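Engineer: Sharing a structure below in structure tokens format, with a few things to ask.
Where a number appears in this text, it was derived from the coordinates with a stated rule and is not lab data. The structure displayed is predicted, hence computed values, not measured ones. In this analysis, Cβ positions are derived from the backbone assuming ideal geometry, glycine residues included, and neighbour counts consider all displayed protein chains.
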Amino acid sequence: MSETKRGFTARTQRLREQSETTRPSISLERALIETEVYQQWEGKVPTPVLRGLFFKDLMRRRTLYLGDDELIVGEKGVAPQSAPTFPELCCHTLEDLDNMDARERVSFAVTDADRHLQAEVIIPFWAERATMTKMYAQLPEAWHLLFNAGLFTEFMAQRGPGHTVADGKIYRKGYLDFIADIEAELAKIDYGQDMRASDRKAELEGMKLVCEGMVILGERYAALAREKALECGDPVRQAELEELAAVCDVVPAHAPRTFRQAVQMYWLTHIGVTSEMNNWDAYSPGKLDQHLEPFYNAEIAAGTLSREQAREYLECLWIKFNNQPAPPKVGITLKESATYTDFCNINTGSLRPDGTSGVSDVSYLILEVMDELKLLQPSSNVQISRKSPEHFLREAVKISRKGWGQPAFYNSEAVVAELLNMGKTMDDARESGIASGCVETGTAGKEAYVLTGYFNVPKVLELVLNRGFDHYTRKQVAPDLGDPRSFGSYEQLYAAYTEMLRYVADVKVAGNNLIEKLFMDTMPVPLLSVITDDCIKKGLDYNCGGARYNTSYIQCVGIATVTDSLAVIKAHIYGDAQLSWDELLTALDADFEGHDATFDLVFNQTPKYGNDDDYADSILRDVVESLQQAIAGRPTPKGAKTIVEFLPTTCHVYFGQVMQASANGRHAGIPLPDGISPEKGADRHGPTAVIKSAAKIDQLKTGGALLNQKFTPSVIAGEKGLTAVMTLIRSYFAMDGHHIQFNVVDRATLLDAQAHPEQYSDLIVRVAGYSDYFNNLDKALQDEIIARTEQQI
Amino acid sequence: MSVPYVFNVQRFSINDGPGLRTTVFFKGCPLSCPWCHNPESISFEPEVMVSADGGAEVVGRQYPVAELVELCAKDQIFYDQSGGGVTLSGGEVMVQDFGYVTELVESLRAKGITVGIDTCGLAPSERFTALANRAAFFLYDLKFIDSEKHRQYCGAPNDLILKNLKLLADAGANLYLRLILLEGLNTDSQTIESTLNWLVEHEIRPTEVNLLPYHRFGQDKAVKLGRPWREFVTPSDETVNRYKERLESVFTQVTIGG
């Protein structure tokens, strides 16, 4: 298929083809080196030093990959599409490995040698040490009951905190400069007065060790490039390799001086951060256009770089992102995030630190690269502000309406306002305000904002209706708040709902705190700390509160379902009395089978969210407010605050699977709507009504909300369609909407793709905060995407 | 005042004038073009549409002016962002109770919402005079320049339609002239030339000319209404482009489709 020939140059076409056709595999190299370091040093040195020693040894000993065509180097594993494992977090069983290898979707090749090493070396050492093992043992019964019933998920079960974004410091400082900063702080420690002196020393020594590791990585790549240059018979490639060696002489040890060095600096840092730990799962360059712009402008002016060369370096970087599958997941973690995507997200066109528009020629280069390469990774978004040139928005919409979900659109002003609301300074909010890997906002390079898990909001109502009994696990998992038939008013029912919400939130937050403490004590991340303000200055790890800002997110899923269900109860049980509790509860137990009239009433004749209808939308506002009251602002052990946000990844599918039918007519097992999108089939007045409804959520008080709009191609074709989409974006953002993304594939195409996957190997669709190959999605998620309302006239 | 029937209020309309619009479709039309893509718009009374699976739906409901204004104002932010507004369409809005129509137009204008009129032109001239400079634009349909053909296919001659078009042009109204193209009926070069001659002779200078090739979107609805459906021929791209090129020799803005 011609799809694999994408790329502006023959080189990037070849690299892209390799990236797209190589089957992902696991690599135990990292785990084996880690095991040896732990066997030698565990218990003898403080934990941050232990982690530092491990990282430095990993950089010294790991396999370096330098492919034939490469201009930018660095792989997380031993080669493209090779994923290291992280047994200190999740020690895979042999069954896990078999499953990974055999499963139809998101599979990884596992060799017999891998299985043997896992059995003989990794499992004996790590099975009891892994944080997953420890946390499952320590978490209380109440947590396990709700977790197994699918009331919430746990992000740190198989991964560590992270999922964060770089700011501009790595373009101004090299790792030798960071070492100097660390040594200055070490020299300042007052061992007589400072009660944290020994901890501080350990943290800083760990940070210094990882910086040394980074320097070694550059040195080894420079040496390897020179070695390959000597062997190389082709004078062109020889010159390229010599230049690569010269680049690696500079970065990452020193600050980059050229565009190419800047790109390489980011990428080696990315490799370092994501091999240090599986930090869920991502690291992202953030405002890449702004970071690269000074290098680009200087070199274009000096004539040492052409626009085409710059574009090729960017293409090489894009392919590097695509070479890294997210580390293998299993169980519920796989269900909540069933994708290879490593959640890297690049924010293009954001505001500058001085508040002006950051759109530059590099921004347009990035759009061109994204459009030409059409890769799943990195996820690309554009940040649109009132100040964004219309031309930039137009070019971005032109790509977006091709239908594969990129770029997504984020509202710069909303991001800044959300950050200010969380207590960040205006300077930090403007300089570093980004939407990270998925949808959530953060302050790049200055904040630890940790996604802690999804929260199944409509299942809270299901538990109320079933008096705390869970049909999925067939267990009493929550308190019995009384028979709904005895609730005399809607207000009484709603009070029971908020009480149940509080209960589930209490259990989730208590679990979060326990897990956070586990990471504070045992899983420091010195490299991420080095590049996050103000960890060096504080002598405190990223996972211990060392970042300038600390936020803990709980991602709420399914608010449309709970809103519409409450609307049904309010309108028809307590309003016009067309429905009794008996009838509703019986119909829900029967999944509406044999209850056609009731189904018609709740599905077709009730005001629903997504129609710009104040009856339903006012219930939505109550639902959001109750979530804020139950969750927002809660403190955590390291000093973070808990914040509500609305994004699902693929968790809306899993959450739907663990639920019986909902009062709004959603059948048992059917996925929940994603983010703040309306329930499927509920929105019947077109996209402007959906957007008006979504904007009634006070999004500026959240950490972000995802809205997915699906169009058939004909609706937004031509110049008028382009203007229409731009208007939807501008209007939604004028109403403080945080994020909107578009899927533009018609239903017939998707159905055909499901029937003939072999003919659609290149079909990419927007899932939720990221895009994925349609063929990589399991059937339930494919069905869900097909079912999402197609907005059309 | 007799409150007219409306059969659809369509938000997110992008083909009924500039920007994002809400289009209000009134029920009732003085013409009865057999290719009408909204056959339920012809009768002034509510009707029942029956789908193939037996489901029945009543089309046509009345809105007090205030309610319709409120509904149309819901998308004001989208109009503001895009230079859009409300389009009154049909059926034929200009033959509805004119007190109602005037009040609707003025109420929307009072909110800062501009109003466009989509018309077939067959209505009392004084109504066009009254709205010529109150409406932001007129989408003005022209089916046949030949009055006899117009009578034969659309149920009425075109004399008043042409008179009103001239009236609006003289009053300086913002005109989008919409030519419906039916292969074999009004796309031959002789028709093109006589249409063009008439427009030039009467100094009609529309802001845009929109060529609207015939399509069959009305068939499904006609069946649901139990009406006969008469097939016409969609003009080829070649025909449409030839027409477009000829018009472009006189007018600056000629588009295919609305």
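Engineer: With the Cα gyration tensor of the stretch A:161-296 in hand, give its eigenvalues times 5 under a square root as the equivalent ellipsoid semi-axes, listed largest first in whole angstrom.
Structural biologist: Square roots of five times the eigenvalues give 32, 18, 14 Å.
Engineer: Same structure, new question: What is the distance, in nm, between label points placed 7 Å from the Cα along the Cα-to-Cβ direction at B:Val3 and at A:Glu625?
Structural biologist: Each label point is offset 7 Å from its Cα along the Cβ direction, giving 3.3 nm.
Engineer: To the nearest 0.05, what FRET efficiency results for B:Lys111 and A:Asp194 with a Förster distance of 45 Å applied to their C-beta separation?
Structural biologist: It comes out at approximately 0.10.
Engineer: Give the average over all directions of the projected area of the C-alpha convex hull of the stretch B:70-146, one decimal, in nm².
Structural biologist: 5.6
Engineer: Give the Kirkwood hydrodynamic radius (Å, one decimal) of the protein assembly as shown, defined as one over the mean of 1/r across all pairs of different Cα atoms.
Structural biologist: 31.3
Engineer: Just the Cα atoms of the stretch A:221-270, one point each, no solvent: what log10 I(q)/I(0) does Debye give at q = 0.12, 0.16, 0.17, 0.30 Å⁻¹?
Structural biologist: So the normalised log intensities are -0.25, -0.43, -0.48, -1.03.
Engineer: So what are the ³J(HN,Hα) numbers for the stretch B:120-129, from phi and the Karplus equation (6.51, -1.76, 1.60; θ = phi - 60°), rounded to whole Hz, Gly and Pro as x?
Structural biologist: Per residue, the Karplus-derived 3J(HN,Hα) values read 8, x, 8, 7, x, 4, 4, 5, 5, 4 Hz.
Engineer: Are there GluC sites (Glu not before Pro) in the stretch A:68-106 that DSSP puts in a loop and that have at most 13 other Cβ atoms within 10 Å, and which ones?
Structural biologist: Those that pass, being in a loop and sparsely packed, are A:Glu104.
Engineer: Still on this structure, I have one more. For helix A:307-322, report the angle its Cα long axis makes with the longest principal axis of the Cα atoms of chain A; keep it between 0 and 90° and round to the nearest 10°.
Structural biologist: That works out to roughly 60 degrees.
Engineer: At most 15 other Cβ atoms within 10 Å and a DSSP loop assignment: could you name the trypsin sites (Lys or Arg not before Pro) in the stretch B:174-255 that fit?
Structural biologist: B:Arg216, B:Arg230
Engineer: Please arrange A:Lys5, A:Lys424, A:Lys608 by counting, for each residue, the other beta carbons lying within 10 Å of its beta carbon, fewest first.
Structural biologist: A:Lys5, A:Lys424, A:Lys608
Engineer: Can you sort A:His756, B:His215, A:His254 so the residue with the fewest Cβ neighbours within 10 Å comes first?
Structural biologist: The fewest-first ordering by Cβ neighbours comes to A:His756, B:His215, A:His254.
Engineer: Obtain the nm distance between the two label points defined at B:Asn241 and B:His215 by a simple spin-label model: each point lies 7 Å from its Cα along the Cα-to-C-beta direction.
Structural biologist: Result for the modelled spin labels: 2.0 nm.
Engineer: So what J values fall out for the stretch A:470-482 if you push phi through Karplus, 6.51 cos²θ - 1.76 cosθ + 1.60 with θ = phi - 60°, rounded to Hz, Gly and Pro as x?
Structural biologist: So the J values, rounded to whole Hz, are 9, 6, 6, 9, 6, 9, 6, 10, 8, x, 8, 9, x.
Engineer: Using only Cα atoms, find the angle between the long axis of helix A:390-400 and the longest principal axis of chain A, and express it within 0 to 90 degrees, rounded to the nearest 10.
Structural biologist: Helix A:390-400 and the main axis of chain A meet at about 80 degrees.
Engineer: What is the P(r) of the stretch A:613-692, as percent of Cα-Cα pairs per 10 Å bin from 0?
Structural biologist: 15, 37, 37, 10, 2
Engineer: Taking the alpha-carbon centroid of each part, what is the distance from the stretch A:508-542 to the stretch A:240-309 in angstrom?
Structural biologist: Cα centroid to Cα centroid, the span is 27 Å.
Engineer: Further, regarding this structure: Is the shape of the stretch A:216-323 rounded, prolate or oblate, going by the alpha carbon gyration tensor and its root eigenvalues a ≥ b ≥ c, with a/c under 1.5 for rounded and a/b larger than b/c for prolate?
Structural biologist: Judged from the Cα gyration tensor, the stretch A:216-323 comes out oblate (a/c at least 1.5, b/c at or above a/b).
Engineer: Short version: what are the Cα gyration tensor semi-axes of the stretch A:150-191, square root of 5 times each eigenvalue, largest first, in whole Å?
Structural biologist: Those come to 34, 18, 7 Å.
Engineer: For q values of 0.12, 0.21 Å⁻¹, compute log₁₀ I(q)/I(0) with the Debye formula on a Cα-only model of the stretch B:1-71, without solvent.
Structural biologist: Here log10 of I(q) over I(0) equals -0.39, -1.06.
Engineer: Under a point spin-label approximation (7 Å from Cα along Cα-to-Cβ), what is the A:Glu42-A:Thr22 distance to one decimal in nm?
Structural biologist: 3.1
Engineer: First select every other residue whose beta carbon is under 13 angstrom from the beta carbon of A:Thr522; then total the charges, Lys and Arg +1, Asp and Glu -1.
Structural biologist: Net charge around A:Thr522: -2.
Engineer: Need the full-extension length gain, A:Ala495 to A:Lys398, defined as separation in residues times 0.36 nm minus the C-alpha distance. One decimal, nm.
Structural biologist: Value of the extension gain: 30.2 nm.
Engineer: Report the Cα centroid-to-centroid distance between the stretch B:162-206 and the stretch A:619-661 in angstrom, as an integer.
Structural biologist: That distance is 60 Å.
Engineer: Right, another one. In whole Å, what is the distance between the alpha-carbon centres of the stretch A:700-728 and the stretch A:399-478?
Structural biologist: Between the Cα centre of the stretch A:700-728 and that of the stretch A:399-478, the gap is 20 Å.
Engineer: Report the calculated FRET efficiency for A:Ser306 and A:Leu186 (r = Cβ-Cβ distance, R0 = 45 Å), to the nearest 0.05.
Structural biologist: 0.50
Engineer: Okay, next question. Considering the zone a paramagnetic label at A:Glu219 would reach in this model (a point 7 Å from Cα along the Cα-to-Cβ line), which residues of the stretch A:58-98 have amide N under 11 Å from it?
Structural biologist: So the set is A:60.
Engineer: Taking chain B as a Gaussian network, where each spring joins two C-alpha atoms under 10 Å apart, which residue of B:Ala130, B:Ala222, B:Ala169 fluctuates the most?
Structural biologist: Comparing B:Ala130, B:Ala222, B:Ala169 in a Gaussian network model of chain B, the most mobile one is B:Ala130.
Engineer: Assuming R0 = 45 Å, what is the FRET efficiency of A:Asp506 and A:Glu120, from their Cβ-Cβ distance, to the nearest 0.05?
Structural biologist: Result of the calculation: an efficiency of 0.55.
Engineer: Pairs of alpha-carbon atoms within less than 8 angstrom and 6+ residues apart define the contacts here; what relative contact order does chain A have, in percent?
Structural biologist: 14
Engineer: I want the antiparallel fraction of DSSP beta bridges within chain A, as a percent rounded to 5.
Structural biologist: 25
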